[in-house]
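The values are calculated or read from the model by the stated rules, or taken from the named source; none is laboratory data. What you see is a predicted model; the values in this text were computed from it and never measured. Positions of Cβ are generated from backbone atoms using ideal geometry, with glycine treated the same way; all protein chains shown enter the neighbour counts. Side chains included, ligands, DNA and RNA excluded: accessible areas come from the protein's heavy atoms. Shrake-Rupley method; radii C 1.70, N 1.55, O 1.52, S 1.80 Å.
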Amino acid sequence: IEAPGRTLALPEPFALPGEGVTVLFGPSGAGKSTLVAALTGLLPAPPLTVRHGDALWQAPGHRPLPPEARGVGLVQQLDPLFAHMTVADNLRFPLRFTRRRCFTFDQVVEALGLAPWLNRRPDQLSGGQRQRVALGRALLRQPDWLMLDEPFSALDRDSRRALVRLLQRNLPRWQVPLLLVTHALDEVERLADRVVFVGDGQVRPPVPITAAVASPESPLFQAHAPVSLLFGTVVMPQDERGLGQVAVGSHMLATVPLEGFETGEPVRLRIPAAQILLAKQRLDEVSALNQLALPIAERWQAGQRVTVRLMLDDQALLATVTAATAERMGLVPGATVWAVIKAVGIL
């Protein structure tokens, strides 16, 4: 992709799965927004072939489909609303141009909590409220794809977390594939099903989020302290001890009370590798609530630190120790150790 001041090399073929959340992750200026502009048709005629299913969006020698014909609901960093229209009129505007009704006005208003602002104009809304309206307008476009280009980066922390949480709760039932541009690690961990790394003029193929955070070859692993993301199901939001219970495969983990979650709801758990103590046997009289006997699948060393990959059924849990500790305890693939988990975060 050629753009002013930037060239992006894509793998061939470069395919984005038409389900779940794909995150474009990389530093500012890496070319993430350029890629979105090329896919949506906002970048004038790059020498690129883009297909969506059987539809040819653009190709060299063919007249490209204009952006409005590509079935994309786009929300950008500071997405402008029509200043002379109320929130309700802004939301209804895309309905004039499509006969599809994947989403109704009332469904979107309810899902995004927009009812209190319907009669307001954009200048009467906060930044977070305007972005929520912009997201609603993109949904009422009845899109085949949602593409969000750093939509939260200009918001304060609380507004950003509220919008991310809103997406977490609604995306599974909306069933619209999402391409999200961000360089915020917490947004990647909370939302991504897979990650496309963009940097140094290169676009890498998508990798599952679990591999993106747990593989030594991953830019996320190399740039940040190792963490594990586990996918579980709420068994009990709060038990008699005041703790939540989450099933991860055949294992049960105690967590902080799961306020706002329901029994049976899927959740993501974040466990830093440094928050895991390894032992040869179960420990008594310790403050950690979770102790699991797990097999070691893999280990690797960087300097004097050793990382081991433990397996919870088919999910991986990373732990880090010193090289001396790894040798003393015999932490090798095939061995079983007790993982004493000191902190479990709910994403």
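Report, by residue number, each residue of the stretch 296-320 that is under 27 Å from the mean Cα position of the chain (by Cα) and among the aliphatic types (A, V, I, L, M).
A297, V308, L310, M311, L312, A316, L317, L318, A319
What number of residues within the stretch 58-96 satisfy the criterion of being over 21 Å from S126 (Cβ atoms), under 26 Å from the mean Cα position of the chain (by Cα) and of a type in the set (A, V, I, L, M, F, W, C)?
Final tally of qualifying residues: 2.
Among the residues of the stretch 187-199, is there at least one that is on the phi < 0 side of the Ramachandran plot, open to solvent by 20 Å² or more (accessible area, probe 1.4 Å) and without any contact (Cβ under 8 Å) to a residue 60 or more places away in the chain?
Within the stretch 187-199, not a single residue is on the phi < 0 side of the Ramachandran plot, open to solvent by 20 Å² or more (accessible area, probe 1.4 Å) and without any contact (Cβ under 8 Å) to a residue 60 or more places away in the chain.
Conditions (1) of a type in the set (D, E, K, R); (2) at pLDDT 95 or above; (3) crowded, with 19+ Cβ neighbours inside 10 Å; (4) under 22 Å from R165 (Cα atoms), marked per residue:
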position	(1), (2), (3), (4)
D89	yes, yes, no, no
F105	no, no, no, yes
G127	no, no, no, yes
L140	no, no, yes, yes
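Restricting attention to helices (runs of 4 or more DSSP H) lying wholly within the stretch 179-260, give those where 3 or more residues are within 20 Å of Q168 (Cα to Cα).
Per the criteria, 185-191, 209-214.
Restricting to the stretch 10-50, and then to whatever is polar (S, T, N, Q) and free of Cβ contacts under 8 Å to residues at least 40 places away in the same chain, can you tell me which residue is farthest from R70 (Cα to Cα)? Step through it out loud before you land on a result.
So in the stretch 10-50, the residues polar (S, T, N, Q) come out as 22, 28, 33-34, 40, 49.
Imposing the further condition that a residue be free of Cβ contacts under 8 Å to residues at least 40 places away in the same chain reduces the set to 34, 49.
Numbers: T34: 17, T49: 14 Å.
Out of the qualifying residues, it is T34.
Could you please let me know if D239 is closer than 25 Å to R157 by Cβ and either more than 19 Å from the chain's Cα centre (by Cα) or open to solvent by 20 Å² or more (accessible area, probe 1.4 Å) (or both)?
no
List the number of the failed condition for E259; all other conditions in (1) open to solvent by 80 Å² or more (accessible area, probe 1.4 Å); (2) modelled with pLDDT of 90 or more hold.
The number of the failed condition is (2).
What's the number of the only condition in (1) farther than 24 Å from V203 by Cα; (2) crowded, with 20+ Cβ neighbours inside 10 Å that R101 fails to meet?
Unmet for R101, out of (1) farther than 24 Å from V203 by Cα; (2) crowded, with 20+ Cβ neighbours inside 10 Å: (2).
Given (1) over 22 Å from the mean Cα position of the chain (by Cα); (2) touching a residue at least 60 places away in the same chain (Cβ under 8 Å); (3) open to solvent by 20 Å² or more (accessible area, probe 1.4 Å), identify the lone condition not met by L253.
With respect to (1) over 22 Å from the mean Cα position of the chain (by Cα); (2) touching a residue at least 60 places away in the same chain (Cβ under 8 Å); (3) open to solvent by 20 Å² or more (accessible area, probe 1.4 Å), L253 is out only on (3).
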